[in-house]
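Trainee: Pasting in a structure now, in structure tokens, and then I'll have a few things to ask.
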Amino acid sequence: MTRLLHPLGNIATIDATISAAALIEFIRPLLSPAFPSAVVLVGGDIEDQARVLTSHSFFRAESMCLMSVSRSTLRTTPIPPDFQLVRLSPADDRRFADAFAEGYALPHELAAMFAPSAAQRAGLNARYYAIESREQPGGSLAAVSMCAILNGIPGIYAVATRPSQRGKGLAAHLTAEPLRHAWSEGFEQGLLQSSQMGEPVYRRIGFEGHGYMALYVRVPAQ
């Protein structure tokens with residue numbers, strides 16, 4: 001919990017096995033009038049859990065699809081020739097955070113918590129990627145993503161495209177190519193959790209859905 005003024009800065013993930021009584025205790029720190037907060041119900045809209053959240057002023061914001069893809073189903077993802085895929089390092093923290101913050105409309109301080117050096121400090125096996133202009137290498141990034149190896153499976157996270165660069169296939173490319181790189185090391189599958197906006201993109205490039213998580217958000221009255 002960061003206490004920053006964005007729900008994703010104050011978020012809890014709740015397993016399907018958590019009882020309604022236990023959930024009340026879990027969310028108590030998120031009920032401050034000073035900042036917004038969010039809760040992800042991993043099991044989807046479990047009735048007792050959803051009732052607790054709505055009774056504490058959370059509203060259902062969207063579904064998040066659990067998706068997977070394999071070597072045989074992942075499709076090609078071309079991008080315009082004036083763009084190129086690059087790997088990022090901790091030296092690129094600022095460029096990553098700038099693009100991630102703009103793509104997700106996040107406070108910059110929150111976006112920086114997902115940057116390469118943060119993953120490195122946490123000991124996370126993560127590789128960061130971005131798309132930049134071929135004419136301005138080292139300049140601002142058009143889009144970013146992260147591929148993290150968790151429990152022996154590559155997963156795609158933090159896919160964000162600047163609004164001015166959307167509609168060019170950049171997010172699809174930043175999903176597919178990091179997985180291809182991981183598969184070259186012997187991995188076979190790829191996972192992600194998709195927003196409603198991103199789900200059609202991922203289905204077009206070969207991902208399949210395996211159920212939904214539910215995102216609830218609480219915004220204190222001003």
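None of the figures in this text is laboratory data; all of them are computed from the coordinates on show. Model, not experiment: these values are computed from the prediction. Neighbour counts run over all protein chains shown; Cβ positions are idealised from the backbone, glycine included.
Trainee: What ranking of HIS6, HIS210 emerges when the number of other C-beta atoms within 10 Å of each C-beta is taken as an exposure proxy, fewest first?
Mentor: Ascending number of Cβ neighbours within 10 Å: HIS210, HIS6.
Trainee: Grab the beta carbon distance between GLU135 and ALA91, set R0 = 30 Å, and tell me the FRET efficiency rounded to 0.05.
Mentor: It comes to 0.90.
Trainee: Under a plain spin-label model, where a point goes 7 Å from the Cα along Cα-to-Cβ, how far apart in nm are GLU109 and THR17?
Mentor: 3.6 nm
Trainee: Same structure again: Charges at C-beta only: +1 for Lys and Arg, -1 for Asp and Glu. How large is the resulting dipole of the chain about its Cα centre, in Debye rounded to 20?
Mentor: 260 debye
Trainee: In µm²/s, what is D for the stretch 8-138 at 10 °C and 1.306 mPa s, where D = kT/(6 pi eta Rh) by Stokes-Einstein and Rh is the Kirkwood radius from Cα pairs?
Mentor: 88 µm²/s
Trainee: So how much slack lies between ASP82 and SER117, counting 0.36 nm per residue of separation and subtracting their Cα-Cα distance, in nm?
Mentor: 9.8 nm is the gain from fully extending ASP82 to SER117.
Trainee: Now a separate question. Take the Cα atoms of the stretch 28-98, find their three principal axes, and give me the spread along each one in whole Å, biggest first.
Mentor: Result for the stretch 28-98: principal-axis Cα extents of 51, 35, 20 Å.
Trainee: Work out the length of the dipole vector of the stretch 123-181 about its Cα centre, built from +1 on the beta-carbon of each Lys and Arg and -1 on the beta-carbon of each Asp and Glu, and round it to the nearest 20 debye.
Mentor: Around 100 debye, computed over the stretch 123-181.
Trainee: Continuing with the same structure: Quick check: net charge around PRO137, other residues with Cβ under 14 Å of its Cβ, Lys/Arg +1 and Asp/Glu -1?
Mentor: Result for the local shell: -1.
Trainee: Could you work out [θ]222 nm for the chain from helices alone, using -39500 (n - 2.57) per DSSP H run of at least four and dividing by all its residues? Round to the nearest 500 deg cm²/dmol.
Mentor: Here the helix-only value at 222 nm equals -7500 deg cm²/dmol.
Trainee: Obtain the nm distance between the two label points defined at GLN189 and ASN125 by a simple spin-label model: each point lies 7 Å from its Cα along the Cα-to-C-beta direction.
Mentor: Once both label points are built, they end up 1.5 nm from each other.
Trainee: What nm value, rounded to one decimal, do you get for the distance between ASP48 and SER32 when each label is placed 7 Å out toward the C-beta?
Mentor: Result: 3.0 nm between the two label points.
Trainee: So, one more: If you add up the charges near ALA61, with Lys and Arg at +1 and Asp and Glu at -1, over every other residue whose beta carbon is less than 14 angstrom from its beta carbon, what do you get?
Mentor: 0
Trainee: Here's something else I'd like to know. What's the whole-number percent of alpha carbon pairs in the stretch 74-206 lying beyond 21 angstrom?
Mentor: When every Cα pair of the stretch 74-206 is considered, 35 percent fall beyond 21 Å.
Trainee: Return the Cα extents of the chain along principal axes one, two and three, sorted largest first, each rounded to a whole Å.
Mentor: The Cα atoms of the chain stretch 53, 37, 33 Å along the principal axes, largest first.
Trainee: Please compute the Kirkwood hydrodynamic radius over the stretch 93-153, one decimal place, Å, based on all pairs of different Cα atoms.
Mentor: For the stretch 93-153, the Kirkwood estimate is 12.2 Å.
Trainee: Just for the stretch 65-222, what percent of DSSP beta bridges are antiparallel, to the closest 5?
Mentor: 95 percent
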